[in-house]
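*Asks:* Before we start, here is the structure in question, set down as structure tokens.
The values are calculated or read from the model by the stated rules, or taken from the named source; none is laboratory data. Bear in mind that the values here come from a model prediction, so they are computed numbers and not experimental data. Positions of Cβ are backbone-derived with ideal geometry, glycine not excepted, and every protein chain shown enters the neighbour counts. Ligands, DNA and RNA are stripped out before the accessible areas are found, and what is left, the full protein with its side chains, is counted by its heavy atoms. Shrake-Rupley method; radii C 1.70, N 1.55, O 1.52, S 1.80 Å.
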Amino acid sequence: MTSPTVADYLLERLRAWDVRHVFAYPGDGINGLLAAWGRAGNKPQFVQARHEEMAAFEAVGYAKFTGQVGVCAATSGPGAIHLLNGLYDAKLDHVPVVAIVGQTSRSAMGGSYQQEVDLLTLFKDVASDYVQMVTVPEQLPNVLDRAIRTALAERAPTAIIIPSDVQELAYSAPTHAFKMVPSSIGVDWSTTTADDQGVAKAAEILNAGSKVAILAGQGARGARRELEQVADLLGAGVAKPLLGKDVLSDELPYVTGSIGLLGTRPSYEMMMNCDTLLTVGSSFPYTQFLPAFDQARAVQIDIDGKMIGMRYPYELNLIGDSAATLRALLPHLRRKEDRSWRMSIEANVAKWWRSMEAEAEVAADPINPMLVFRELSSRLPLDAIVTADSGSSANWYARQLKFRGDMRGSLSGNLATMGPAHPGRPVIVFAGDGAMQMNGLAELITIKHYWEQWSDARLIIAVLHNNDLNQVTWEMRAMEGAPKFTESQRLPDVSYEGFARSLGLGGVAVDKPEQVAAAWEQALAADRPTVLDFRTDPDVPPIPPHATFEQAKDLAKALLQGDPDSVGIVKEGLMAKVREVLPGKDN
Ligand SMILES: Cc1ncc(C[n+]2csc(CCOP(=O)(O)OP(=O)(O)O)c2C)c(N)n1
């Protein structure tokens with residue numbers, strides 16, 4: 001065999017890092033890489049998306065659900081530009097992703113050549129932790145290893161740019177010489193625990209309070225047992241930001257569920273009434289849902305010294321791994337003998353779940369979207385992975401689904417995310433019809449392409465088919481006091497299940513409430529990915545139970561201003577739901 005090229009060596013080194021999949025889309029800026037892939041017997045596996053944006057999102061999903069680095073690749077110019085949205089998702093949600101992109105040949109650089117974009121500048125913000133161009137073969141191991149290690153260490157996206165001619169050069173390793181940077185593979189991470197002094201100070205603050213609230217984010221994943229013990233000793237309730245929905249079971253009576261605009265009333269009430277706040281592994285951004293600044297003494301535990309101390313005037317910012325730090329804290333905590341705070345939280349939680357049941361039962365035209373989630377909740381396999389896009393489904397995902405067992409869940413702040421599949425676990429994806437039309441329909445083709453390789457082929461795409469960009473429609477009503485602007489909000493009607501069936505996937509049209517449960521059962525028992533095309537009512541308001549007076553007032557104003565859907569909203573009796581948020585109504 002001829003000597004390996006830089007591209008051959010790149011794939012070899014990815015394998016050495018145990019990278020098994022690269023989510024990618026071809027183009028002549030990475031032709032050298034594609035040829036190497038052919039020679040390497042497709043190892044790591046080239047997973048072909050329909051659009052580079054989705055390749056990046058797929059790498060993000062992979063990283064979110066495996067805890068390993070996700071890798072994506074794209075050609076120069078337009079391919080690299082398309083990656084950006086997915087890479088920003090990695091940046092904002094703090095997951096490790098490496099992007100590998102091509103560039104025009106070195107001889108053409110700076111010549112305004114075809115597809116020549118200043119990629120170092122393009123990626124400077126999204127991959128601010130590490131973006132480098134490989135210009136000679138000896139650079140490769142170090143640049144690749146640092147991109148991977150930096151992505152893992154910073155939980156962030158990084159990028160490597162490899163000009164097309166460099167990909168085809170014979171690989172030559174760095175030597176033991178001046179201006180050479182050798183590199184090595186692998187990292188053995190140590191566990192960081194706060195020192196004794198910090199732990200003792202945290203215990204002093206937490207022991208002094210009588211109404212403790214815990215906020216546990218995705219950084220607390222892996223600290224489930226410790227969180228339960230701490231919450232128990234402190235008689236605390238635990239609220240979970242969206243990305244932390246799977247850190248603690250929703251079946252625990254003191255878990256108040258989601259917090260924030262998509263949150264629950266018990267989370268809101270707990271935060272408004274507590275005297276002590278313990279935040280673990282969360283950078284939940286919405287300060288207004290946390291206690292007033294002079295209301296609570298507060299402690300934050302976070303692994304990341306750059307992210308700690310924000311969002312609230314914490315008295316103590318402890319750097320450490322969440323499980324290890326909570327374990328160190330436990331022996332210092334005194335069990336709160338007065339359990340009245342805890343009992344009031346549990347009563348609020350029980351009442352909340354009853355009201356969620358009742359809201360899902362409200363008749364709608366034709367299907368109340370909450371019913372779709374409620375019917376799934378009890379049927380969720382214990383190892384399910386659930387995702388939602390950032391349309392209205394995120395509201396119901398946050399409030400209606402009861403996570404338990406080893407369920408995993410995540411979503412993106414970005415509308416365009418299609419939930420990633422997992423080859424060995426059942427996956428349920430909630431997608432709006434807008435999201436389906438933006439990227440989802442095309443990615444069904446990717447699913448068709450790969451599903452037969454999976455050991456568990458149960459990937460269910462539940463479409464909230466409401467012919468409306470509903471979340472924005474409601475935001476306009478509630479935040480702007482503006483009636484629905486049909487031209488921007490209405491979507492062309494498409495049969496999502498029909499499209500799925502045309503691809504050989506399962507597809508079920510669900511247009512009556514009484515069909516919802518059976519549809520879930522059918523899809524959960526299917527031997528292939530299935531699209532459940534739920535005809536949901538756009539007139540069910542995804543308004544938080546603690547919406548501000550201004551929002552409720554604006555909503556009423558929007559409806560009175562001749563909103564084309566106001567008749568539906570009133571007709572179905574859903575104004576009751578709207579009234580729930582008006583001041584003076586106790587519930
Ligand atoms: C890429 C992108 N463009 C626009 C938005 C703004 N946005 C947020 S939710 C939403 C509507 C989503 O509509 P759909 O997918 O139909 O779901 P629905 O809210 O109707 O359930 C839009 C346009 C966004 N989040 N991301």
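*Asks:* Among the residues that make up segment 523-538, is at least one of them among the hydroxyl-bearing types (Ser, Thr, Tyr), more than 20 Å from the chain's Cα centre (by Cα), surrounded by fewer than 23 Cβ atoms within 10 Å (Cβ to Cβ) and over 16 Å from SER390 (Cβ atoms)?
*Replies:* No - not one qualifying residue is present in segment 523-538.
*Asks:* Find all pairs meeting these conditions: Cβ atoms under 6 angstrom apart; at least six residues apart or on different chains; first residue within segment 234-256 and closer than 14 Å to LEU401 by Cβ and in contact (Cβ under 8 Å) with a residue 40 or more places away in the chain; second residue in a loop (DSSP other than H, G, I, E, B) and open to solvent by 10 Å² or more (accessible area, probe 1.4 Å).
*Replies:* Here the result reads SER249/ARG404; ASP250/LYS402; GLU251/ARG404, each pair linking segment 234-256 to a residue that is in a loop (DSSP other than H, G, I, E, B) and open to solvent by 10 Å² or more (accessible area, probe 1.4 Å).
*Asks:* Then there is this: Based on this model, can you work out whether ARG50 counts as in a loop (DSSP other than H, G, I, E, B) and basic (Lys, Arg)?
*Replies:* In short, yes.
*Asks:* Tell me yes or no: at least one residue of segment 305-317 is touching a Gly at 6+ places or on another chain (Cβ under 8 Å), among the hydroxyl-bearing types (Ser, Thr, Tyr) and either at pLDDT 95 or above or under 20 Å from GLN197 (Cα atoms) (or both).
*Replies:* No: zero hits.
*Asks:* Looking at (1) more than 23 Å from LEU444 (Cα to Cα); (2) in contact with a strand residue (DSSP E or B) (Cβ under 6 Å, 6 or more places away or on another chain); (3) of a type in the set (A, V, I, L, M), can you tell me which one LEU83 breaks?
*Replies:* Failing condition for LEU83: (1).
*Asks:* Among (1) open to solvent by less than 20 Å² (accessible area, probe 1.4 Å); (2) in a loop (DSSP other than H, G, I, E, B); (3) under 27 Å from ARG265 (Cβ atoms); (4) more than 13 Å from the ligand (Cβ to nearest atom), there is one condition LEU555 misses while meeting the rest; what is its number?
*Replies:* Answer for LEU555: the failing condition is (2).
*Asks:* Please work out which residue is most open to solvent (accessible area, probe 1.4 Å), limiting yourself to segment 45-85 and to residues that are in contact with a Cys (Cβ under 8 Å, 6 or more places away or on another chain) and closer than 14 Å to HIS21 by Cβ.
*Replies:* Ranking the qualifying residues of segment 45-85, first place goes to GLU58.
For (1) open to solvent by 10 Å² or more (accessible area, probe 1.4 Å); (2) more than 15 Å from the chain's Cα centre (by Cα), each residue gets a yes or a no:
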{"site": "ILE428", "(1), (2)": "no, no"}
{"site": "GLY432", "(1), (2)": "yes, yes"}
{"site": "LEU459", "(1), (2)": "no, yes"}
{"site": "MET476", "(1), (2)": "yes, yes"}
{"site": "ALA482", "(1), (2)": "yes, yes"}
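*Asks:* For VAL429, are the conditions met, namely being near the ligand (Cβ under 9 Å from one of its atoms) and hydrophobic (A, V, I, L, M, F, W, C)?
*Replies:* The answer is no for VAL429.
*Asks:* Still on this structure, please answer the following. Considering segment 485-502 alone, what residues qualify as being open to solvent by 30 Å² or more (accessible area, probe 1.4 Å) and within 13 Å of the ligand (Cβ to nearest atom)? Working first, answer last.
*Replies:* Taking segment 485-502 first, the residues open to solvent by 30 Å² or more (accessible area, probe 1.4 Å) are 485-488, 490, 492-495, 499, 501-502.
Result: PHE485, SER488, ARG490, PRO492, ASP493, VAL494.
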